[in-house]
Amino acid sequence: KVVYADVSSFSFYQLMGAGFEPNLEKALVYPNPYYDDKHSCIYFDKLSQGSTIQIFTISGELVREIRADSSRISWDTCNSAGEKVASGTYICLIKDSVGNKKVGKFCIVR
């Protein structure tokens, strides 16, 4: 648990890292609502290890499935075919590798 690094000058340094959350209790999606003219992507944050995000239309059609390789990931608001999704309300189902689940909803305004 020791880190070594060569530095070119004397200064103060801090090693920080954003680890995975132990469960999905704090998981969130933002910005909500997402405005196409103001934002570039939607973020899913405070994810636990092995999380998978499924995004559905309000009628239950699967739009996209994303596997998270970090505790915070972004989504470009495109479906599985690479097309921008329409304005509307969407539901996200976040599941992790130990069976935790969290459901949320968010809006996209184009």
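The values are calculated or read from the model by the stated rules, or taken from the named source; none is laboratory data. Worth saying up front: this structure is predicted, and the values here are computed from it rather than measured. Backbone-built Cβ (ideal geometry, glycine too); neighbour counts: all protein chains shown. What goes into the accessible areas is simple: the full protein's heavy atoms, side chains included, and nothing from ligands, DNA or RNA. Shrake-Rupley method; radii C 1.70, N 1.55, O 1.52, S 1.80 Å.
To keep it simple, each residue is scored yes or no on (1) open to solvent by 50 Å² or more (accessible area, probe 1.4 Å); (2) under 12 Å from the mean Cα position of the chain (by Cα).
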| position | (1), (2) |
| --- | --- |
| F56 | no, no |
| A68 | no, yes |
| S74 | yes, yes |
| V103 | yes, no |
| F106 | no, no |
| V109 | yes, no |
Restricting the stretch 43-52 to residues that are assigned to a loop (DSSP other than H, G, I, E, B) and touching a Lys or Arg at 6+ places or on another chain (Cβ under 9 Å), the one modelled with the lowest pLDDT turns out to be G50
Using beta carbons and a limit of 9 Å, which pairs, at least six apart or on different chains, have the first residue in the stretch 81-103 and farther than 15 Å from E65 by Cα and the second one of a type in the set (D, E) and open to solvent by 80 Å² or more (accessible area, probe 1.4 Å)? N100/E25
Residue count, the stretch 1-42, condition exposed (fewer than 10 other Cβ atoms within 10 Å of the Cβ) and either outside any loop (DSSP other than H, G, I, E, B) or at pLDDT below 90 (or both), comes to 18
From (1) of a type in the set (G, A, S); (2) open to solvent by less than 30 Å² (accessible area, probe 1.4 Å); (3) at pLDDT 95 or above, pick out the condition that doesn't hold for G82. (2)
